[in-house]
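The values are calculated or read from the model by the stated rules, or taken from the named source; none is laboratory data. Owing to the predicted nature of the structure, the values given are computational and were not obtained by experimental measurement. Virtual Cβ from ideal backbone geometry, glycine too; neighbours counted across all protein chains shown. Side chains are part of the model used for accessible areas, which takes the heavy atoms of the whole protein and leaves out ligands, DNA and RNA. Shrake-Rupley method; radii C 1.70, N 1.55, O 1.52, S 1.80 Å.
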Amino acid sequence: EDQVTQSPEALRLQEGESSSLNCSYTVSGLRGLFWYRQDPGKGPEFLFTLYSAGEEKEKERLKATLTKKESFLHITAPKPEDSATYLCAVQTFSGSARQLTFGSGTQLTVLP
Amino acid sequence: DAGITQSPRHKVTETGTPVTLRCHQTENHRYMYWYRQDPGHGLRLIHYSYGVKDTDKGEVSDGYSVSRSKTEDFLLTLESATSSQTSVYFCAVRGGDNEQFFGPGTRLTVL
């Protein structure tokens with residue numbers, strides 16, 4: 001059974017204080033790992049897809065990295081507007097639905 | 001937002017009543033998905049569709065049915081709503097690189 005675990009569950013940072021969120025996964029064959037951002041009362045917003053170990057993607061203050069067992073979302077010099085819940089999800093080669101298995105998310109709060 | 005709308009956005013209903021949620025997309029995506037999101041469980045797949053009249057079950061499909069008579073519309077029906085189906089429901093479509101784009105969600109409360 002595919003499993004995705006995110007840590008920490010919640011993280012409070014001061015504005016400008018860099019940190020990392022972790023997504024560890026156990027799957028039979030990874031097709032892709034996805035990061036999303038979710039604001040309260042809204043649907044998840046797609047951020048990145050990573051396909052192979054060693055791959056990195058960047059967008060503004062966010063950088064996602066991937067190893068064979070986990071992914072990190074690095075947040076550099078965060079701002080209050082980066083406050084949100086960050087979700088990761090995995091997609092495997094089994095099945096035709098290309099469905100995603102999600103972790104429970106990390107709730108990030110950036111204080112001014 | 002990938003042109004996805006969901007209706008209604010909020011609904012309160014009573015146990016035992018049928019409920020239908022609608023997902024509408026404007027960009028002709030073939031694959032569509034219904035998820036529910038609950039605290040501590042993350043997003044879980046209920047049903048998905050891979051074309052008109054082509055649907056299949058996901059992880060938590062008991063008590064739910066779906067229909068897709070047109071490419072743009074994917075309906076989720078709770079045949080007889082129960083309190084355990086109180087949740088936030090999200091529709092998603094699959095993009096060209098297998099990423100999924102989500103709608104704004106429907107908050108359903110079953111009393």
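Only one residue in B:95, B:103 is touching a Ser or Thr at 6+ places or on another chain (Cβ under 8 Å) and at the interface with another protein chain (Cβ under 9 Å from one of its Cβ atoms), so which one is that?
B:103
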| remark: Flagged in the range B:38-83 as within 14 Å of chain A (Cβ to nearest Cβ), open to solvent by 40 Å² or more (accessible area, probe 1.4 Å) and either acidic (Asp, Glu) or in contact (Cβ under 8 Å) with a residue 12 or more places away in the chain (or both), in numbering order, are B:44, B:50, B:54, B:55, B:56, B:59
| said: Can you say whether residue A:55 is within 14 Å of another protein chain (Cβ to nearest Cβ) and either open to solvent by less than 50 Å² (accessible area, probe 1.4 Å) or within 19 Å of residue B:99 (Cβ to Cβ) (or both), as far as the supplied structure shows? | reply: yes
| field | Failed item, numbered, when residue A:66 is tested on (1) open to solvent by 60 Å² or more (accessible area, probe 1.4 Å); (2) more than 12 Å from chain B (Cβ to nearest Cβ); (3) under 18 Å from residue B:98 (Cα atoms) | value | (1)
| said: Can you tell me which of (1) part of a loop (DSSP other than H, G, I, E, B); (2) at the interface with chain B (Cβ under 10 Å from one of its Cβ atoms); (3) over 22 Å from residue B:39 (Cβ atoms); (4) open to solvent by 50 Å² or more (accessible area, probe 1.4 Å) is the one residue A:41 doesn't meet? | reply: (3)
